[in-house]
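This report concerns only the one structure given below.
The values are calculated or read from the model by the stated rules, or taken from the named source; none is laboratory data. Owing to the predicted nature of the structure, the values given are computational and were not obtained by experimental measurement. Virtual Cβ from ideal backbone geometry, glycine too; neighbours counted across all protein chains shown. Remember, those area values only see protein heavy atoms, side chains included, never the ligands or the DNA or RNA. Shrake-Rupley method; radii C 1.70, N 1.55, O 1.52, S 1.80 Å.
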Amino acid sequence: MSETTVGLLHPGEMGAAVGQCLTAAGHRVLWVPEGRSAASAARAAAAGLTVASGGLAGLTREADVIVSVCPPHAALGVAREVGALGVAREGAGSGGVYVDANAVSPDTAREIAAIVAAGGGSYVDGGIIGSPPVAPGFIRLYLSGARAGEVQRLFAGGAVDARVIGGDGLADADGPVGRAGPLGGDGLLGGGLFAPSAVKMAYASWTKGSAALLLAARALARAEGVEDSLLAEWGASQPGLTERSARAAGSAAAKGWRWVAEMEEIAAAMAAAGLPDGFHLAAAEIYRRAQEAPAPDAILTALLSPH
């Protein structure tokens, strides 16, 4: 398809991977270096991103599509910054597209959609599942909204598998939060406007929630002096669990700081659906404590330290 100008907020590990796929597809991808780290700048350069002239205001003026990929705790703030500037390309006859591809609950997504609408833009809900590197099969981007198809086409033929879900995608920001269902008559996966956020919440509730539970189980065994016995039992009856707990510790050390808010978003989604939220509030606390560990092998000590 013809070149589209995309504004990317921001080139973290996942954001840079998404940006790389877009530049590889021939699109111009803008980013804003102000307030970002040297590591972000290096990722942006490696992904072929272009610095937006005029900062965030310039990016907002130039971009046909803005894609937000940031830590969950920052998602609302980023949307408010963009919404205050107006989600529209300068001289365009209609508002631009704002894709919120963050790990937030459907209710938070609803707030973001309202901000985007107030700023004159078209909201597309997004949910990313997978991880870098940029290679086919590693990253799936679920999309829903009236203009979700336009966003899906930006990734055509690339490494990101963009999938439109949520029925006809025409629900508005004031409509009910859709719950993903089976294939509808139009051949699209069922659910409402916020189905991608719901998919992300349900998926991460297990992947990251169970990792936190695994760390807590091992910390309990250490506190009671039976860690070696537990590891031996895992080896006998749960092959691979010891290695998985080590990977969970490594991930918590590297990314736990951003998973605290994600667990809280999942807890909110659970509560909104009438389910217990305690699992994931506890998981948020596990990741909050994990931030205090200087290295993965100190995670259990950090979990057991007085708080």
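Excluding ligands, DNA and RNA, the accessible surface per residue across the chain is 44 Å² with a 1.4 Å probe.
Karplus-based coupling profile of the range 291-306, in residue order and whole Hz: 4, 7, 7, x, 7, x, 6, 9, 4, 5, 4, 5, 5, 8, 5, x, with θ = phi - 60° in 6.51 cos²θ - 1.76 cosθ + 1.60 and x standing for Gly or Pro.
What longest region of the chain stays clear of GluC sites (Glu not before Pro) that DSSP places outside H, G, I, E and B and that have at most 13 other Cβ atoms within 10 Å? Intermediate results must be reported in sequence, preceding the final value.
Working: sites that count: GLU3, GLU34, GLU90, GLU224.
By the stated rule (loop sites, at most 13 other Cβ atoms within 10 Å), 91-223.
Rounded to the nearest 20, the Cβ-based charge dipole of the chain about its Cα centre (Lys and Arg +1, Asp and Glu -1) stands at 420 debye.
For the chain, adding -39500 (n - 2.57) for each run of n ≥ 4 DSSP H residues and dividing by the number of residues yields -16000 deg cm²/dmol at 222 nm.
When only Cα pairs under 8 Å and 6 or more residues apart are kept, what is the percent relative contact order across the range 1-86? It would help to have the intermediate numbers written out before the result.
On the way: 135 pairs, mean separation 31.3, N = 86.
36 percent.
When Rg and Dmax of the Cα atoms in Å is calculated for this entry, the matching label among (i) 20.3, 68; (ii) 18.4, 55; (iii) 20.7, 61 is (i). Once C-alpha pairs closer than 8 Å and six or more residues apart are averaged by separation and normalised to the residue number of the chain, the relative contact order reads 13 percent.
Taking label points 7 Å from Cα along the Cα-to-Cβ direction, GLU227 and ARG247 give a separation of 2.1 nm. Which of SER251, ALA148, SER40 sits farthest toward the positive end of the charge dipole of the chain, with +1 on the Cβ of Lys and Arg and -1 on the Cβ of Asp and Glu? In the chain, that residue is SER40. Taking springs between alpha-carbon atoms closer than 10 angstrom, which of GLY119, GLY225, GLY26 fluctuates most in the Gaussian network model of the chain? Of GLY119, GLY225, GLY26, the most mobile in the Gaussian network model is GLY225. Measure off, as a whole percent, the carbon and sulfur share of the 1.4 Å-probe accessible area of the chain, all protein chains present. That share works out to 56 percent. Net charge in the neighbourhood of GLY12 (other residues with Cβ under 11 Å of its Cβ; Lys, Arg +1, Asp, Glu -1) is +3.
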